[in-house]
1. Among the residues in the range B:91-113, are any part of a strand (DSSP E or B), without any contact (Cβ under 8 Å) to a residue 60 or more places away in the chain and more than 9 Å from chain A (Cβ to nearest Cβ)?
2. With respect to the numbered conditions (1) closer than 26 Å to residue B:104 by Cβ; (2) without any contact (Cβ under 8 Å) to a residue 24 or more places away in the chain; (3) under 14 Å from the mean Cα position of the chain (by Cα), which one is the sole condition not fulfilled by residue A:64?
3. Test residue A:99 against the criterion of being buried (at least 19 other Cβ atoms within 10 Å of the Cβ) and closer than 19 Å to residue B:48 by Cα, and give yes or no.
4. With (1) within 12 Å of another protein chain (Cβ to nearest Cβ); (2) at pLDDT below 95 as the list, and residue A:66 as the residue in question, which single condition is left unmet?
5. Which residue is farthest from the other protein chains (Cβ to nearest Cβ), if the candidates are limited to the range B:33-53 and must be farther than 24 Å from residue B:113 by Cβ and touching a strand residue (DSSP E or B) at 6+ places or on another chain (Cβ under 7 Å)?
6. Pick from the range A:50-59 the residues that are surrounded by 14 or more Cβ atoms within 10 Å (Cβ to Cβ) and at the interface with another protein chain (Cβ under 10 Å from one of its Cβ atoms): which of them is farthest from residue B:89 (Cα to Cα)?
7. Please go through the range A:1-23 and pick out each residue that is crowded, with 17+ Cβ neighbours inside 10 Å, part of a strand (DSSP E or B) and within 14 Å of another protein chain (Cβ to nearest Cβ).
8. For the range B:16-28, which residues satisfy the criterion of being exposed (fewer than 12 other Cβ atoms within 10 Å of the Cβ) and modelled with pLDDT of 95 or more?
């Protein structure tokens, strides 16, 4: 079965520092990968999907099939980036379920 | 569009009571699902549905039932609540035909079982 690993429960950085939230997955085929963000007591919302190769709120993520990773990066963290971040994997479009990692809490201090 | 709507927002149950968490979406999504969110466990899939009349079990289905009589609604039933079911429950839907289509989440229901 597919699996998503986010090795850090908590990542604490200062404002302006670079951020990298790690995500590794186990699946031998071609996955769809997503990053979701959950601000305090709000619903989960999509941040990025690998197929779009987009940058949202300064965050980027590149799918590395060789390393089976989809790390989330931002060069300069802002206090408003403080949130819980979840990496999610789907092994097929549409009808396939999404498997989530356990999440990483990002705290950005002033 | 309202998106995904969940009710109630909060609920307290006693052990052994039953209840239904409601979920409705107005985006004509075929795929709907229920997750529970627990500290240190992330989101775990309870049940999902790929269309009206079709449901299947996820990772943690025990103690929960679902039905999908219409495209819009996907209620989650707790048959006999247990303290282990204290959690935050999220309903989510997805358009099925597009590659990379994301899940759209509801606001969540915070359930406490005493």
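The values are calculated or read from the model by the stated rules, or taken from the named source; none is laboratory data. In this text, all values refer to a predicted model and were calculated from it rather than measured experimentally. Note that each Cβ is placed from the backbone with ideal geometry, even for glycine, and that neighbours are counted across all protein chains shown.
1. no
2. So residue A:64 meets the others, but not (1).
3. Yes.
4. Failing condition for residue A:66: (1).
5. Within the range B:33-53, the match that is farthest from the other protein chains (Cβ to nearest Cβ) is B:49.
6. Per the stated criteria, the residue is A:51.
7. The answer is A:4, A:21.
8. B:16, B:18, listed by residue number.
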